[in-house]
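Report on the following structure.
All of the numbers you see were taken from the coordinates with simple rules; none came from a lab. Only a predicted model underlies this, so the values are computations on that prediction, with no experimental measurement involved. Glycine also receives a Cβ, built like all others from the backbone with ideal geometry; neighbour counts cover every protein chain displayed.
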Amino acid sequence: MTPGTGQLPEIQGAQRRPGLRGWLLFAPLMLWLFAFVIAPTAIMFVYSFCQRDELGQVVFEFSLSNYTRVFDKTYLKIFTNSIQYAAITTVICLLVGYPVAYFIGRASEQIRNKLLMLVMIPFWTSFLIRTYAWMSILKAEGPLNGMLLYMQLIAAPLDILYTPAAVVIGLVYSYLPFMILPIYGSVEKLDNALIEAAFDLGAGPVSAFSHVIVPLTRPGIFAGVLLVFIPAIGMFAITDLMGGGRVPMIGNVIQNQFGQARDWPFGAALGMTMLLLFAACFALSMRKSDAA
Amino acid sequence: MKRIGGLIYLLAIAIVAFLVGCKKDEPAAPAPGAGSAKAPAAAAVGKELNLFAWSEYIPEDVITGFTKETGVKVNYETYASNEEMLSKLLAGGTKYDLIQPSEYVIEALVKQNKLEALDHAKLTNLKNIVADLRDMPHDPGLKYSVPWMVGFVGIVVNTDKVKDPVKGFKDVFQDKYKGRIVALNDNREIVAWAMMTHGIDVNQMTPENLEKVKPTVEKWIKLVKVFDSDSPKTAMMNGDVDIGVVWSGEGAILANTDKKYAFVIPEEGARQYIDNLAIPKGAPNAEGAHLFINYILRPEVSKLVSDKFPYTNPNSEARKLLTPEQLKNPASYPEIKSKQTFRDIGKAASDLDKMVTDLKAAAN
């Protein structure tokens, strides 16, 4: 906004400059953002150029070595691994979540709220407890294997816990609501007349879905994909617990730098790199969706 | 953009709930240099004692007993590895009064002048510590630390499933047990086991030695099903694995629950670890910390710890109170020919971490 705009005699609605009261109302958010986003990111940025001493304390000595280490093939491989896991998780969440969100969004209002409640209920218990619950379900002598053996569907217990499959199950389970809710938001606003129009104009269900419904719910899909994909890349608790600590993801590597390896500067450099990567992806996808 | 308010509200709840759930697992990273404003209390015993110790290591009744007797409230915060403890301690967010590091960490902390010297006049029960633990290289004369429990890293075997004799690491890490093995999730441990197998001193963490053991570690990592340091016995009891390399205390618990579990001290060498109580520099309630140390040094209190966590008790008077069965448990009081203890390896920890991370990433 140029300084000149303020001198215009009458500016309507959204274009009016915020008064003192507006800034006051905005201040808590600014403080929050500064204290918990900007300041920590700045600290991380500074740390990422530092060194560690014998005990693992940060030594303020400028160096780029942390960043050169980020591009070591070990960590690049873990990066691509993590992206793979996150991508698989996102695709499954989308395939499972879209129909659920669609169904909830098209249901009558009474049923809709009950169904939304069902999606939310798991969040009432701690995420760790839910993860441990999955571990008991999947373990070799657990209820899942017990049931399958009893029904004589399998001859020997399935090997699920502590495998990559268990990691994906855990990730999909944890992030599914983050896919359902935004898509539900888009579906709920879907104009029935447009779908009927598509049918009237001779579109079959498939083409109505792909040409009308999907484009109209694209904002929800886009938000859901972001909300699932980004946190899934950084997840470390599920990979440790359900993957048996065998499948290192980038989140585990970063966590390890702040824990066992006691190399905060390197951890900070990894974190900064991830942050830049996300920012770039986000900017790119925003530009693309603007163009569309 | 007019989004439905309710949806945003639901999402916000979801995200907050998720973050709250996650919080437990993430080490709080306090701002650096933001030392506590609390002024250290003088000679008087403070009302609260901030105890920062290993998870599953201090019985509840010991803490309540101490509070009942002294009126000092104990805040027991736990960690799962020495390194996690160090990170939090050095970040300086909370002022801890009492920490429980292993021997090599004591050595590093003493070197960096991070521990308060103990006042032996206040530790009247210190005489109960057995003689051979009073002059260890990490802290000769127990100037800065008092042994809490001693343990070994050993092999636990489910003899129902594993019929072949198991004597050492090389018997565990065999192709036929692929996917049936649990190992401690500690990068230094697995490297140390490989070093012992190669006959290398576990403290000579040089790049050449790392290179030498790398193929062994690489092979072993591929065989392991679960890496878990917190509670490796769980995977064993759940039937997900049949053999593993675990802390002796965990092995002793397994051996106590079922005869089918056997605990073996590896013939290549036994890594002995000594966990200690120590007071960090500038502890606000150093007085209370001394009281606590002296309290746990009482034979009857130390016995409570042994009852719950069957590691090797360093308290000679407490050992007299144990039952013959407890003393006979080979995981608690093993016969060992060669003991090795870890020394501080400084920056080599980074190289080691990189190597193991690399191998783990490649194993999948």
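Taking springs between alpha-carbon atoms closer than 10 angstrom, which of A:Leu190, A:Leu227, A:Leu276 fluctuates most in the Gaussian network model of chain A?
For chain A, modelled as a Gaussian network with Cα springs under 10 Å, the answer is A:Leu276.
Treating only the Cβ of Lys, Arg, Asp and Glu as charged (+1, +1, -1, -1), what charge dipole size does chain A show about its Cα centre? Round to the nearest 20 debye. Before the final figure, lay out the partial values.
Working: 18 positive and 15 negative charges, 44 e Å.
Using Cβ point charges on Lys, Arg, Asp and Glu, chain A gives about 220 debye.
How shielded is B:185-192 by partner chains, expressed as the average number of their Cβ atoms within 10 Å of its Cβ atoms?
Details: counts 5, 1, 3, 1, 0, 0, 0, 0.
For this peptide, the per-residue mean of nearby foreign Cβ atoms is 1.
Modelled label-to-label distance, A:Trp32 and A:Ala203, 7 Å Cα→beta-carbon offset: nm?
3.9 nm
Mind checking the mean number of beta-carbon atoms from other chains within 10 Å of the Cβ atoms in A:154-161? Spell out each step's value before the answer.
On the way: counts 0, 0, 0, 2, 0, 3, 1, 5.
What the average comes to for A:154-161 is 1.
Grab the beta carbon distance between A:Val59 and B:Asp164, set R0 = 60 Å, and tell me the FRET efficiency rounded to 0.05.
For A:Val59 and B:Asp164, the calculated efficiency is 0.75.
Return P(r) of the protein assembly as shown (all Cα-Cα pairs; 10 Å bins starting at 0; whole %; ordered from short to long distances).
3, 13, 22, 23, 19, 11, 6, 3, 1, 0
Net charge within 15 Å of A:Ala280 by Cβ-Cβ distance, Lys/Arg positive one each and Asp/Glu negative one each, not counting A:Ala280 itself?
Working: positive: A:Arg287, A:Lys288; negative: none.
Once positives and negatives cancel, what remains is +2.
Report, in debye and to the nearest 20, how large the dipole of the stretch B:209-364 comes out about its Cα centre when Lys and Arg carry +1 and Asp and Glu carry -1 on their Cβ. Mind dumping the intermediate values first?
Values: 22 positive and 21 negative charges, 48 e Å.
In total the dipole reaches around 240 debye.
Across chain A, where is the longest run that never hits GluC sites (Glu not before Pro) in a DSSP loop with at most 16 other C-beta atoms within 10 Å?
On the way: sites that count: A:Glu10, A:Glu54, A:Glu61, A:Glu141.
So the longest stretch without any such site is A:142-292.
Would you mind counting up the charge near A:Phe79? Only other residues with Cβ under 12 Å from its Cβ, with Lys and Arg at +1 and Asp and Glu at -1.
+1
Between A:Phe282 and A:Met147, what is the spin-label point distance in nm, taking each point 7 Å from the Cα along the Cα→C-beta axis?
Those two pseudo-labels are separated by 4.0 nm.
Given 4 °C and 1.567 mPa s, how large is the Stokes-Einstein diffusion coefficient of chain B in µm²/s, with Rh as the Kirkwood radius over Cα pairs? The partial results should precede the final answer.
Working: Rh = 22.1 Å.
The diffusion coefficient I find is 59 µm²/s.
I'd like the mean, over residues of B:169-179, of how many other protein chain beta carbons sit within 10 Å of each residue's own Cβ. Don't skip to the end; give the middle numbers.
Numbers: counts 0, 0, 0, 0, 0, 0, 0, 0, 0, 0, 3.
That works out to 0 on average.
Which of A:Tyr75, A:Leu33, A:Leu128 sits closest to the plus end of the dipole of chain A, meaning its Cα is farthest towards the positive end, when Lys and Arg get +1 and Asp and Glu get -1 on the C-beta?
A:Leu33
Can you compute log10 of I(q)/I(0) for the stretch A:120-233 with the Debye formula, treating each Cα as one identical point scatterer, at q = 0.13, 0.15, 0.16 Å⁻¹?
Per q value, in the given order, log10 I(q)/I(0) is -0.72, -0.81, -0.85.
If eta is 0.692 mPa s and T is 37 °C, what Stokes-Einstein diffusion coefficient results for the stretch A:247-292, Kirkwood Rh from Cα pairs, in µm²/s? It would help to have the intermediate numbers written out before the result.
Working: Rh = 11.9 Å.
Translational diffusion coefficient: 275 µm²/s.
Of the residues A:Gln57, A:Gln110, A:Gln257, which exhibits the maximal mean-square fluctuation in a Gaussian network model of chain A defined by a 10 Å Cα contact cut-off?
A:Gln110
Of the cross-linked pairs B:Lys47/B:Lys303; B:Lys167/B:Lys222; A:Lys73/A:Lys139; B:Lys163/B:Lys259; B:Lys259/B:Lys328, which ones have a Cα-Cα span greater than 24 Å in the structure shown?
Values: B:Lys47/B:Lys303 26 Å; B:Lys167/B:Lys222 21 Å; A:Lys73/A:Lys139 34 Å; B:Lys163/B:Lys259 14 Å; B:Lys259/B:Lys328 14 Å.
Check vs 24 Å cut-off fails for B:Lys47/B:Lys303; A:Lys73/A:Lys139.
Would you work out which of B:Gly168, A:Met249, B:Ala283 lies farthest towards the positive end of the dipole of the protein assembly as shown, given +1 charges on the beta-carbon of Lys and Arg and -1 on that of Asp and Glu, about the Cα centre?
Of the candidates, A:Met249 comes out farthest on the positive side.
Suppose R0 equals 51 Å. What FRET efficiency, 1/(1 + (r/R0)^6) with r the Cβ-Cβ distance, do A:Asn192 and A:Ile43 give to the nearest 0.05? Show your work: numbers first, answer last.
Details: r = 51 Å, r/R0 = 1.01.
Computed FRET efficiency for A:Asn192 and A:Ile43 comes out at 0.50.
If you average the C-alpha positions of the stretch B:189-229 and of the stretch B:348-364 separately, how far apart do those two centres end up, in angstrom?
Using only Cα atoms, the two centres lie 11 Å from each other.
Mean-square fluctuation check for chain A, GNM, Cα pairs under 10 Å: which of A:Pro40, A:Pro28, A:Pro122 is largest?
Maximum fluctuation in the GNM of chain A, among the listed residues, is at A:Pro28.
What are the aspartates and glutamates whose alpha-carbon lies under 14 Å from the alpha-carbon of B:Lys281, with same-chain residues fewer than 8 places away excluded?
B:Asp97, B:Glu116, B:Asp119
With label points built 7 Å along Cα→Cβ from the Cα atoms of A:Ile154 and B:Ala121, find their separation and express it in nm.
Result for the modelled spin labels: 6.7 nm.
For every helix of n ≥ 4 consecutive DSSP H residues, a contribution of -39,500 (n - 2.57) applies; sum these over the protein assembly as shown, divide by its total residues, and give [θ] at 222 nm rounded to the nearest 500 deg cm²/dmol. Working shown, then result.
Details: 28 runs with 337 residues, N = 656.
Calculated from helices alone, the mean residue ellipticity at 222 nm is -16000 deg cm²/dmol.
Could you tell me how far the Cα centroid of the stretch A:33-99 sits from the Cα centroid of the stretch A:124-174, in Å?
When both Cα centres are located, 30 Å separates them.
Would you list the membrane-span-like helices of chain B, meaning whole DSSP H runs whose alpha-carbon atoms span at least 20 Å along their axis and whose mean Kyte-Doolittle value is at least 1.6? Walk me through the numbers on the way to the answer.
Numbers: long enough: B:5-23 (27 Å, 2.18); B:207-223 (24 Å, -0.82); B:348-362 (21 Å, 0.07).
Membrane-span-like by this rule: B:5-23.
For A:Cys93, A:Cys50, A:Cys281, which order do you get if you count the other beta carbons within 10 Å of each Cβ and list the fewest first? The partial results should precede the final answer.
Numbers: A:Cys93 27, A:Cys50 19, A:Cys281 13.
Least crowded to most crowded, the residues run A:Cys281, A:Cys50, A:Cys93.
In debye, nearest 20, what is the charge dipole magnitude of the protein assembly as shown about its Cα centre with +1 on Lys and Arg Cβ and -1 on Asp and Glu Cβ, if you could check? Can you show the working numbers first?
Numbers: 64 positive and 62 negative charges, 190 e Å.
It comes to approximately 920 debye.
What does the charge count around B:Thr206 come to, taking other residues whose C-beta lies under 11 Å from its C-beta (Lys +1, Arg +1, Asp -1, Glu -1)? Walk me through the numbers on the way to the answer.
Working: positive: B:Lys212; negative: B:Asp201, B:Glu208, B:Glu211, B:Asp351.
That sum, taken over residues with Cβ under 11 Å, equals -3.
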